[in-house]
Structure formats: C-alpha cells, structure tokens
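The values are calculated or read from the model by the stated rules, or taken from the named source; none is laboratory data. All values reported here derive from a predicted model rather than from experimental measurement. Cβ placement follows ideal geometry from the backbone for every residue including glycine, while neighbour counts extend to all protein chains displayed.
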There are 2 protein chains.
Amino acid sequence: MAKTAGIVLIGNEILSGKISDANAAYLCRELRALGVEVRKISVIPDEVEAIAREVARFVAGYDYVFTSGGVGPTHDDVTIDGVSRALGVAVARHPRLVALLESFYKGKLNAARLKMAEVPEGSELLAADSLIFPVIVIGNVYILPGVPEIFRQKFEAIKERFREQPFFLRSVFVRIGEGTLADFLNDLLKAYPLLMLGSYPEFSHPDYKVKVTLESKDREYLDHALAEFVDRLPQDAVVRVE
Amino acid sequence: MAKTAGIVLIGNEILSGKISDANAAYLCRELRALGVEVRKISVIPDEVEAIAREVARFVAGYDYVFTSGGVGPTHDDVTIDGVSRALGVAVARHPRLVALLESFYKGKLNAARLKMAEVPEGSELLAADSLIFPVIVIGNVYILPGVPEIFRQKFEAIKERFREQPFFLRSVFVRIGEGTLADFLNDLLKAYPLLMLGSYPEFSHPDYKVKVTLESKDREYLDHALAEFVDRLPQDAVVRVE
C-alpha cells in the first residue's frame, strides 16, 4: 500500500475567486512522483474553527498532512492557531524562530512580526540549514506558506523524506469512444482488480477519443495488464501506447 | 447573510496530478459575482463511499452543492451512485434522458451509454430546452460534468437562479509591509467587525508590498470602512485605491 497524503489549502482569496491556487496541483504532481497517494484536497476559509476541524480529520485519515497558507503576521493568518487546536496543544513561540526574526528585522521586530515565530507547541523545524525560514512540522502535519515560490522552495527542501516505491504509469490512446470502451475496461478490472485504471475522454483531439491510464506500484502486474488490454481491444482501436 | 455554497470535485486525475482542475476557480469567480459565498472545496477520488460521505456533509452544511466530474459511461464514473447514497435514494433511469440518448445514439445505445441516463431518484432536469443534455439537480445538489467546456455551458444555463445581493469590493495597494500594516488592519476590524478584510503580500511587485481587500454586501458600510482605513494609514503608504 502506498503512503497517503491530504492537502488543506487555507485562504478566503481562493474561495472568493480572487486567485487560482497553484500549490495543490504542484504538490499532487510531486507527491505522485515520489510514490505517495494524495487522497483528498480541501480548501477552507481563514477561520480557526474550520481549520481545526479539517486538520483533525486529515491527521486521523492520512499518513501525511500538508497545509498551505495563513502563516503571515496579519489578522487573517490563523493556521498556527487552527493546527494547534486540532492537535490539542498550545501555541508557543519557538526560540529559534524568534532569533531568526530578530536577526532579520534588527530593531524592528514588533508584535505582529513576532507572530511568525509562533508554532504549535512541540513542533520541530526542518531544513533549518538550507532554508532562510525552516519548515514547521508537528506530528504528521507539515505547515507550508501560501506564496507559491516559497511553498515550492520549502517542499523541495524536505521532499526526499517522502520518497518510496514509485507508481508505474502507462497510457493507451484509443480512437473508440467511452461508450464502446467501457466493457473492455470492466473486463480488464475483473482480471486485474488491483490496477488503477483511468479513462479520460478528449472531445477535441484529432487523433484519439480517449486516453486510458493504467497504474500500479508492481511493474510486472502493470505490464501484464497492459499487454492483455491492448490484445483484447478491437483491431485498429489503439492510436499509440506511452 | 449571503447564501453559501460548497464544491465537490470528483476525480483521481486531479489527486494524482495528471490534470489541473479549472472548474473550481471558474465556479468560485462566478458564484462570488452572483453574491454567493463559497465556503469549501473538496477534491476526492472516484469512489462511491468517499463521494457519499462528502456530499452528505456538504448538503447539510451549505445552501448549494455543486459536484464536478464522474458522470460518464465508464467504471470510474460513480458520482450518481455516490450522490444517491448520500441522499438515501435509489439510482433510477430518467425517461427523458433515455429518450435523449436514444435519439443521439440511434441504434447504438448500449448498457454503458445508458448509464448516462441514470440519476438519483427524484432528480429534476434544468435548462432542458437550451442544453443538449440538461443539468441534473436533486435537492440542493447540482451535478455537473468534469469537462471544463461542458461544465461552463451548463452553469451558464442555470446561473441566474443563484443571483442575489452582490458583494462590493475595494482594494487598497500599500507600500508598507504586512508587519507594519497588521495593527492598522486589526484596528479597522475593531471598528468594522462585519467587514471582510483580506491582506495579500506581493514579494516581487515594484510598486506595492501588500494588496488589502475590503468587502461587504452593504455598500455604505464598506465606503465608511474604506475612508477610515485610508485616513488612518501613514502618509504616503497608499499607492492606489481601486
């Protein structure tokens, strides 16, 4: 079984349509490439209670939980409060983060900026040597910022800890539609019940009608399933296999 | 109070990073413009139980629920099953959809294609005159397809039913950072607790450091808040107001 992950995006600006999130799509691609299965993404408002409820569910449900957003110095940055409440711990100032902020802001470290030294009590700091500002983790919850450039920098710095057996993926492009294809897919799943099988129609592509994806962590299982699938399809149905 | 909405995206292809969803961002923008407040987005796999659980929660929590994806003829199209289970109703073939499919596929209407005539029992069809294939709604759940072009066509055809009092939005671009700005925002919220106030730092813009958004359904309340905010800010802090 693959390790599982859940992603919680925190931000009224996404829900109100002011910005399009880019972090979830990036993280889904990265985690998939690392062999981790993302099971759920939630987008919720900047509200302590909503964050606490969602993070608590995710902590219980998935091996890894990633939050994005809500970690700055202003009134709408309440992710640390929400995660702390989810885990039943206090909010505490981390001495190492206080020291970092002091050296960064020199004499100008006010109360608002000090908020960025707050963590759920018991948090660890990751990649403290390679990043200007380290990643905060508590239990299985990785707290990341919403700004896409910094989100990526931080994930890049810690990603190797999540690597495991990869998913193997093959794609079959066919010129028959889903209505004809459906029975072949069902038959394939009967023979290979553990196969991850996707069917994606393309309505405007000149060459093919459906892209079929076959995936497994077991390369041999995948190869057998692919061979059998292509073999069973009507002659001329396959445009190409990738 | 604004009407609320929740969006459930159904699709392994999003979670596994194969595609980036465009429907949620579109729908958030559209609903906001109509005066509706989106409270949550979930992305979940093509699994009946996961869909049933999520849709049941959303039905209880929000005025409107929109699903995207999982409505084709293949094995991984299980949204109708999931929504039916969420609402405790059977899956039924809708006679009008059967007739539509018959006229479309002529003699080639097989079992897989007939799956597209299935609805949660008791569903209504919307925009049946203007769309080739109408929108399926049951209770407060609107079932939309994942293909972005068709998703938009369908929402366009029904959107006026959601229109209400709009949100009014003003944006203030400032050249001071969030660490300095935070106290001004907190003071503003003390004076205008009902204001929706957002603070969005921009790290690479030459002209301003933070975009502050002020929103309300009460235009007068918003105008007063804006005037007071701009008045309280340090001289020269404001780059522009939109």
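Annotations
- Verdict on B:Glu202 being surrounded by fewer than 16 Cβ atoms within 10 Å (Cβ to Cβ) and touching a Gly at 6+ places or on another chain (Cβ under 6 Å): no
Conditions (1) under 22 Å from A:Lys159 (Cα atoms); (2) of a type outside the set (Gly, Ala, Ser), marked per residue:
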{"residue": "A:Val48", "(1), (2)": "no, yes"}
{"residue": "A:Phe58", "(1), (2)": "yes, yes"}
{"residue": "A:Gly61", "(1), (2)": "yes, no"}
{"residue": "A:Tyr64", "(1), (2)": "yes, yes"}
{"residue": "A:Ser68", "(1), (2)": "yes, no"}
{"residue": "A:Thr74", "(1), (2)": "no, yes"}
{"residue": "A:Ile80", "(1), (2)": "yes, yes"}
{"residue": "A:Val83", "(1), (2)": "yes, yes"}
{"residue": "A:Leu87", "(1), (2)": "no, yes"}
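- Residue count for segment B:24-35 under the criterion of being facing another protein chain (nearest Cβ under 7 Å), surrounded by fewer than 19 Cβ atoms within 10 Å (Cβ to Cβ) and of a type outside the set (Gly, Ala, Ser): the result is 1.
- When residues of segment B:129-146 are limited to those that are more than 20 Å from B:Val55 (Cα to Cα), among the hydrophobic types (A, V, I, L, M, F, W, C) and surrounded by 15 or more Cβ atoms within 10 Å (Cβ to Cβ), the one farthest from the other protein chains (Cβ to nearest Cβ): B:Leu131
- Residue count, segment B:20-40 (criterion: of a type in the set (A, V, I, L, M) and touching a Leu at 6+ places or on another chain (Cβ under 7 Å)): 2
- Test: B:Ser84 is surrounded by 20 or more Cβ atoms within 10 Å (Cβ to Cβ), modelled with pLDDT of 95 or more and in contact with a His (Cβ under 8 Å, 6 or more places away or on another chain): no
- Only one entry in A:Val59, A:Val48, A:Val65, A:Val38 is farther than 14 Å from A:Phe151 by Cα, more than 8 Å from every other protein chain (Cβ to nearest Cβ) and under 11 Å from the mean Cα position of the chain (by Cα), namely A:Val65.
- Residues that are within 18 Å of B:Glu220 (Cβ to Cβ) and either crowded, with 17+ Cβ neighbours inside 10 Å or of a type in the set (S, T, N, Q) (or both) within segment B:151-167 comprise B:Gln165, B:Phe167, listed in sequence order.
- Residue under evaluation B:Val98, criteria (1) away from chain A (no Cβ under 12 Å); (2) of a type in the set (A, V, I, L, M); (3) touching a residue at least 40 places away in the same chain (Cβ under 8 Å), criterion not met: (3)
- Scanning segment B:10-23 turns up no residue that is within 12 Å of the chain's Cα centre (by Cα), assigned to a helix (DSSP H, G or I) and within 8 Å of chain A (Cβ to nearest Cβ).
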